[in-house]
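Novice: One structure is given below, represented as structure tokens, and several questions about it will come after.
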Amino acid sequence: MSWIKEMAGGEGPPPYVDKSANKVQDPSIPNRMVSNKTANRPFLAYKEYREHQEALHAAWLEKKKARDEKIARGEKVGPLEPDPTAQEEVGLLGLLKFIVIVLFCLALAGKFFTGSYTWENRSKWLQLKTYWPQNQRLFSESLLATYNGENGKPLYLAIDGDVYDVSKGRAYQPGGSYHHFVGVDAARAFGTGCFETHRTHDTRGMLEDELRGLAHWKKFYAEHKDYVKVGRVNHPPIDPVSPIPEHCDPKKAKAAKEAAEKERQKARDKAVHKEL
């Protein structure tokens, strides 16, 4: 409130005096002094760093010049030291290190925020079992049938020859809605939906949409995060003259019979044509 005293006829405020202890040359503007206060120190430190780098580079140039003179005189010299001020390129190794560090930091952040290193993402591609080699075996049909959850054994099912461990699936447990798939290769049932009568790997005579359905389920098990492929099942060859399993839907069964009859008629016509 010194200005109030001055208006009332009293003494005015004392003149401003810069109490900074030291002033140094401004590294950016010639003939200008700046205070050595805390706010200016990062800029002043950079000036010192730049001067130090320039001194190192000048010393390296002198060494290089002396080395070149020795080479010109025919003297033996050692390898030239790298310039200590040269900026190194990142390169492939540096890029890989950067990616690893970023992934590591992301994993730690996920553990901190969500309690999971993968941010609670259970994708198949984030699981070690996808990349870790696993021992797979060849099953016979009788051996596969024993993996039905009894006697402490896991639950295995097969689809078009590939065997998967589905023990983590609740629906495959005894009494579950999909338990009838356990212990067999029911590839045909996956495509036709005839779960009771088509528990077989015989895919002869299946329609195009049924084959697409089978392909969908094969992809489903191959990419599932919880179901692991454990091997393949060795099926005995199917007798080509044996009857094709009849469809559980009467309309589709009739269509399948008509399609099979057309194929047989084409085969007979082809045989007659060869004889002629």
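The values are calculated or read from the model by the stated rules, or taken from the named source; none is laboratory data. Predicted model only: the values in this text are computed from it and were never measured. Note: ideal-geometry Cβ built from the backbone for every residue, glycine included; neighbour counts use all protein chains shown. Just the protein is used for accessible areas: all its heavy atoms, side chains included, with ligands, DNA and RNA removed. Shrake-Rupley method; radii C 1.70, N 1.55, O 1.52, S 1.80 Å.
Novice: Please count how many residues of the stretch 229-259 are aliphatic (A, V, I, L, M) and at pLDDT 90 or above.
Specialist: Adding up the residues that qualify gives 3.
Novice: For residues that are among the small types (G, A, S) and modelled with pLDDT of 65 or more, scanning just the stretch 8-53, find the one that is farthest from P82 (Cα to Cα).
Specialist: Checking each candidate, the answer is S35.
Novice: Could you tell me whether K229 is in contact with an Asp or Glu (Cβ under 7 Å, 6 or more places away or on another chain) and touching a residue at least 40 places away in the same chain (Cβ under 8 Å)?
Specialist: It is true that K229 is in contact with an Asp or Glu (Cβ under 7 Å, 6 or more places away or on another chain) and touching a residue at least 40 places away in the same chain (Cβ under 8 Å).
Novice: If you go through the stretch 43-96, how many residues are free of Cβ contacts under 8 Å to residues at least 24 places away in the same chain, farther than 28 Å from K23 by Cβ and of a type in the set (D, E)?
Specialist: Of the residues in the stretch 43-96, 7 are free of Cβ contacts under 8 Å to residues at least 24 places away in the same chain, farther than 28 Å from K23 by Cβ and of a type in the set (D, E).
Novice: State which residue is modelled with the highest pLDDT when the search covers only the stretch 110-132 and only residues that are within 17 Å of the chain's Cα centre (by Cα) and over 22 Å from K219 (Cβ atoms).
Specialist: Taking the candidates together, the pick is G110.
Novice: I would also like to ask the following. Does H235 satisfy the criteria of being under 12 Å from D160 (Cβ atoms), touching a Gly at 6+ places or on another chain (Cβ under 9 Å), of a type outside the set (F, W, Y) and touching a residue at least 60 places away in the same chain (Cβ under 8 Å)?
Specialist: So H235 fits the description; yes.
Novice: A follow-up question, please. Determine, yes or no, whether E263 is over 37 Å from the mean Cα position of the chain (by Cα), charged (D, E, K, R) and over 24 Å from R137 (Cα atoms).
Specialist: Here the answer is yes, as E263 does meet what is asked.
Novice: Name the residues in the stretch 155-186 that are among the aliphatic types (A, V, I, L, M) and either within 18 Å of S142 (Cβ to Cβ) or not in a helix (DSSP H, G or I) (or both), would you?
Specialist: L155, L157, A158, I159, V163, V166, V182, V184, A186, listed by residue number.
Novice: Now for a different question. Test G91 against the criterion of being at positive phi and under 51 Å from the mean Cα position of the chain (by Cα), and give yes or no.
Specialist: Yes, satisfied.
Novice: Can you find even one residue in the stretch 90-105 that is within 30 Å of G231 (Cα to Cα) and at pLDDT 85 or above?
Specialist: No: zero hits.
Novice: Among the residues of the stretch 66-89, write down those that are basic (K, R) and surrounded by 10 or more Cβ atoms within 10 Å (Cβ to Cβ).
Specialist: Correct list: R67, K70.
Novice: OK, next. In this structure, is F220 of a type in the set (F, W, Y), surrounded by fewer than 16 Cβ atoms within 10 Å (Cβ to Cβ) and within 33 Å of the chain's Cα centre (by Cα)?
Specialist: yes
Novice: Sticking with this one: Within the stretch 223-267, which residues are closer than 20 Å to R199 by Cβ and in a helix (DSSP H, G or I)?
Specialist: Across the stretch 223-267, the qualifying residues are P250, K252, A253, A256.
Novice: Then there is this: I need the full set of residues from the stretch 192-217 which are closer than 15 Å to D162 by Cβ and within 34 Å of the chain's Cα centre (by Cα), in order please.
Specialist: Within the stretch 192-217, H201, L214, A215, H216, W217 meet the criteria.
Novice: Of F195, F220, which residue is outside any helix (DSSP H, G or I) and modelled with pLDDT of 90 or more?
Specialist: Just one listed residue meets the conditions, F195.
Novice: Take the residues of the stretch 136-145 that are modelled with pLDDT of 95 or more and not in a strand (DSSP E or B): which is least open to solvent (accessible area, probe 1.4 Å)?
Specialist: Filtering the stretch 136-145 for residues that are modelled with pLDDT of 95 or more and not in a strand (DSSP E or B), the one least open to solvent (accessible area, probe 1.4 Å) comes out as L144.
Novice: Testing Y49 on (1) under 45 Å from the mean Cα position of the chain (by Cα); (2) assigned to a loop (DSSP other than H, G, I, E, B), one condition comes back false. Which one is that?
Specialist: (2)
Novice: Which ones in the stretch 205-226 are of a type in the set (K, R), more than 23 Å from E141 (Cβ to Cβ) and in contact (Cβ under 8 Å) with a residue 24 or more places away in the chain?
Specialist: K225
Novice: I need a count of the residues in the stretch 167-199 that are of a type outside the set (D, E, K, R) and over 23 Å from E210 (Cα atoms).
Specialist: Of the residues in the stretch 167-199, 6 are of a type outside the set (D, E, K, R) and over 23 Å from E210 (Cα atoms).
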